[in-house]
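Novice: Have a look at this one.
The values are calculated or read from the model by the stated rules, or taken from the named source; none is laboratory data. Just so it is clear, the structure is predicted and the values come from calculations on it, not from any experiment. Note that each Cβ is placed from the backbone with ideal geometry, even for glycine, and that neighbours are counted across all protein chains shown.
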Amino acid sequence: MLLELIAIIAAGFGVAGIALSLNFVLGKRLPKWIIPASAGAGMLAMAIWLEYSWLDRTTGSFPEGVEIASTHQVRSWYRPWTYAVPLTTRLIAIDRRLDRHHTDRPGQVLSQIILAGRWEPTRQFASVFDCPGRRRADLVDGVTLGDDGAPRNARWVTLPADDTLLRTACRQ
């Protein structure tokens with residue numbers, strides 16, 4: 001967050017410097033308000049670019065084998081440009097490198113789920129997906145796996161057939 005603030009301020013100074021140089025080259029014919037207006041425009045443009053590039057920068061840092069299951073897009077009145085192009089603020093990914101299958105439970109897969117959000121810490125947890133039964137059990141709060149691969153003390157959540165997380169985890 002601090003680095004983005006520094007980048008926004010630097011962009012303002014950079015664009016204001018370009019306007020100042022252009023004014024000097026033109027013999028100071030530009031109006032006096034052009035320099036602070038250029039600084040504001042540069043800062044706004046940099047802030048918008050940082051917001052919209054968050055998803056690509058975040059997913060670009062993921063190692064190979066991490067698949068994006070879903071994203072969440074928002075529109076807000078104080079960002080009127082988001083009505084033209086919605087802004088992605090959150091994502092759910094599955095780390096396929098850590099998938100585990102148990103021979104006693106061929107329809108189930110143990111996967112690592114990654115939750116990432118703009119201005120939020122990234123969270124990870126393990127989850128067991130029952131692909132034929134279309135349900136999921138998160139391995140949190142004392143849930144353990146038995147020797148047969150079955151989750152103990154798990155709360156199963158039934159998922160719709162078109163759930164993107166379920167489809168991503170169960171894809172072979």
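Novice: Restrict the check to the range 35-47 and report whether at least one residue is touching an Asp or Glu at 6+ places or on another chain (Cβ under 7 Å) and touching a residue at least 12 places away in the same chain (Cβ under 8 Å). Don't jump to the end; show me each part of the working.
Specialist: So in the range 35-47, the residues touching an Asp or Glu at 6+ places or on another chain (Cβ under 7 Å) come out as none.
No; the residues of the range 35-47 include none that is touching an Asp or Glu at 6+ places or on another chain (Cβ under 7 Å) and touching a residue at least 12 places away in the same chain (Cβ under 8 Å).
Novice: Kindly evaluate Leu30 against the criterion of being in contact (Cβ under 8 Å) with a residue 12 or more places away in the chain and not aromatic (Phe, Trp, Tyr). Working first, answer last.
Specialist: Values: in contact (Cβ under 8 Å) with a residue 12 or more places away in the chain: no; not aromatic (Phe, Trp, Tyr): yes.
No: the conditions fail for Leu30.
Novice: Please work out if Arg29 is part of a helix (DSSP H, G or I) and among the basic types (Lys, Arg).
Specialist: On the way: part of a helix (DSSP H, G or I): no; among the basic types (Lys, Arg): yes.
No; evaluated as a whole, the condition is false for this residue.
Novice: Can you work out which of the residues in the range 84-103 that are of a type outside the set (S, T, N, Q) and in contact with a His (Cβ under 8 Å, 6 or more places away or on another chain) is nearest to Pro63 (Cα to Cα)?
Specialist: We begin by selecting, within the range 84-103, every residue of a type outside the set (S, T, N, Q); these are 84-87, 90-102.
Subset that is in contact with a His (Cβ under 8 Å, 6 or more places away or on another chain): 90-91.
Details: Arg90: 18, Leu91: 15 Å.
The residue in question is Leu91.
Novice: Mind listing just one residue for me: the one in the range 1-27 that is closer than 27 Å to Glu51 by Cα and among the β-branched types (Val, Ile, Thr) and, of those, surrounded by the fewest Cβ atoms within 10 Å (Cβ to Cβ)? Talk me through it step by step, then tell me what you get.
Specialist: Step one: of the range 1-27, the residues closer than 27 Å to Glu51 by Cα are 1-19.
Now restrict to residues that are among the β-branched types (Val, Ile, Thr): 6, 8-9, 15, 18.
Working: Ile6: 10, Ile8: 17, Ile9: 14, Val15: 21, Ile18: 13.
So, considering only residues that are closer than 27 Å to Glu51 by Cα and among the β-branched types (Val, Ile, Thr), the one surrounded by the fewest Cβ atoms within 10 Å (Cβ to Cβ) is Ile6.
Novice: Looking at the range 146-167 only, could you name the residues that are in contact with a strand residue (DSSP E or B) (Cβ under 6 Å, 6 or more places away or on another chain) and either of a type in the set (Asp, Glu) or in a strand (DSSP E or B) (or both)?
Specialist: Pro151, Arg152, Trp156, Val157, Thr158
Novice: In addition: Only one of these is in a strand (DSSP E or B), at pLDDT 90 or above, surrounded by fewer than 16 Cβ atoms within 10 Å (Cβ to Cβ) and touching a strand residue (DSSP E or B) at 6+ places or on another chain (Cβ under 6 Å): Leu115, Leu91, Leu98, Leu110. Name it. Spell out how you get there, then give the answer.
Specialist: Numbers: Leu91 fails: surrounded by fewer than 16 Cβ atoms within 10 Å (Cβ to Cβ); Leu98 fails: at pLDDT 90 or above; Leu110 fails: surrounded by fewer than 16 Cβ atoms within 10 Å (Cβ to Cβ).
From the options Leu115, Leu91, Leu98, Leu110, the qualifying one is Leu115.
Novice: Among the residues of the range 118-133, is there at least one that is at pLDDT 90 or above, more than 25 Å from the chain's Cα centre (by Cα) and charged (D, E, K, R)?
Specialist: yes
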